[in-house]
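The values are calculated or read from the model by the stated rules, or taken from the named source; none is laboratory data. It should be emphasised that the depicted structure is a prediction, and the values quoted were computed from it without experimental measurement. Backbone-built Cβ (ideal geometry, glycine too); neighbour counts: all protein chains shown.
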Ligand SMILES: Nc1ncnc2c1ncn2[C@@H]1O[C@H](COP(=O)(O)OP(=O)(O)O)[C@@H](O)[C@H]1O
Ligand SMILES: [Mg+2]
């Protein structure tokens, strides 16, 4: 096989003068995604005196235009130049700045691959290639619903190890010392970012309306023809204004009182590579959406988007509160760079994490974070369904196929709203219970308007708060600090 000269040129441009004496191995593995191509490339140092050649493995990511999504807002959000620029800056910032101190000095946490360089001409960037398996594949090989306790334990072991890694990532990224110069990178873009997110949400809702009502639209010889304007006309006929709903939801979301922190923002098992060395050795890739967001959005998407066994699986588990407590305990420890606490947590068992949570936050903060968790989970589920109808489930990896299915999304969303309804008691301890109730009510109504079917009785109960119980939140910690 001949060496691909075009790819070699791109790789060498990103590497600059480094690795000049190395030659490219013709073996290149390519992995195309919806808006980038990832190439695994190997440079080998020729050494005539030894049969053991020195080699360096790279992941070259070349951003490209989304494969014809026919949605202007989607294209804009996935603009190759913007994603390339953001991911390059984030990777180099994390590589340069994120550290933690130990008794013997300062250490790099290796949360992400090493960043080698970027090329504006090709919208390409190069990182070290991480050998290992993505966590999603590992999880999907062990059926989490398996009857055998042994299999369930293996699944839970991988899953909890992933939680600890998410907590370490979020904690260290937001540690005071590490954040010092970060705001400058993103704050300038915050307003534009919100505008883009709102536009993307609108185009997602339009896509989903179309998918749910496809029989009402024009069919031509080639099948369904998606047309934004046609959908908007129909929505107008039904007197639904997406713009006013979206701005109403944006206002209401502030009343959830969830802190804003830096988040990975695409935190799921597909973007976590498990290396052999436990613990805390999963590496995060795909940092193009990294930035300020709800402080529970990473753990929420990690828990909700799981494996081919189904979404939402984890929050049905009786251990669900435990998983969240593990996350909050470790996140707190890393954010404060309290390595002694990390060490103690490593020896804790189920039950003890609740005690830690009871000490590090108040009941009000806990309730706000719980409501935020479900708000983020619902948004994520809707986003994935829209991506699924946009590109078709055959284009998505096997492990996440079901997450992209519209009808699954319907039942998932309904289940999430029922969960919100069942934690009515907890919502009453939120900073602004009425705001939280109005948020979920308005969100549910909007989703129903585009074709979801959350029973109106559930929405009315959420808004009025008449339902009793704390089902989803079985084991609530005992809180030591008053609000
Ligand atoms: N540095 C890397 N080392 C090993 N595998 C990688 C690396 N970067 C990406 N990958 C693999 O390629 C896949 C897609 O890359 P990603 O950056 O997530 O692209 P996208 O933004 O299109 O999702 C990842 O899920 C992972 O399996
Ligand atoms: Mg990815």
**Message:** Can you confirm whether residue 369 is out of contact with any helix residue (DSSP H, G or I) (no Cβ under 7 Å at 6 or more places or on another chain) and part of a helix (DSSP H, G or I)?
**Reply:** yes
Apart from one, (1) closer than 30 Å to residue 342 by Cα; (2) buried (at least 19 other Cβ atoms within 10 Å of the Cβ); (3) in contact with a helix residue (DSSP H, G or I) (Cβ under 6 Å, 6 or more places away or on another chain) all hold for residue 89; the odd one out is (2)
Only one of (1) in contact with a helix residue (DSSP H, G or I) (Cβ under 9 Å, 6 or more places away or on another chain); (2) away from ligand 1 (no atom under 16 Å from the Cβ); (3) in a strand (DSSP E or B) does not apply to residue 118, and that is (2)
Among helices (runs of 4 or more DSSP H) completely within the stretch 126-193, the ones holding 2 or more residues that are more than 16 Å from ligand 2 (Cβ to nearest atom), modelled with pLDDT of 95 or more and under 26 Å from residue 61 (Cβ atoms) are 149-173
When restricted to 372, 354, the only residue under 20 Å from residue 156 (Cα atoms), in contact (Cβ under 8 Å) with a residue 40 or more places away in the chain and surrounded by 18 or more Cβ atoms within 10 Å (Cβ to Cβ) is 354
Per the filter on the stretch 256-299, residues touching a residue at least 40 places away in the same chain (Cβ under 8 Å), over 23 Å from residue 187 (Cβ atoms) and away from ligand 2 (no atom under 16 Å from the Cβ) are 275, 276, 278, 279, 280, 281, 299
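Each row is one residue, and each column tells you yes or no for (1) within 16 Å of ligand 2 (Cβ to nearest atom); (2) in contact (Cβ under 8 Å) with a residue 40 or more places away in the chain.
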site	(1), (2)
10	no, yes
34	yes, yes
48	no, no
76	no, yes
79	no, no
94	no, yes
Residue set 302, 330; condition within 25 Å of residue 416 (Cβ to Cβ) and away from ligand 2 (no atom under 16 Å from the Cβ); output residue 330
Taking the stretch 39-67 and the residues there that are out of contact with any strand residue (DSSP E or B) (no Cβ under 7 Å at 6 or more places or on another chain) and within 16 Å of ligand 1 (Cβ to nearest atom), the one that is modelled with the highest pLDDT would be 65
The condition from (1) assigned by TED's automatic domain parsing to the domain that holds residue 338; (2) touching a residue at least 24 places away in the same chain (Cβ under 8 Å); (3) more than 17 Å from residue 271 (Cα to Cα) that residue 121 misses is numbered (1)
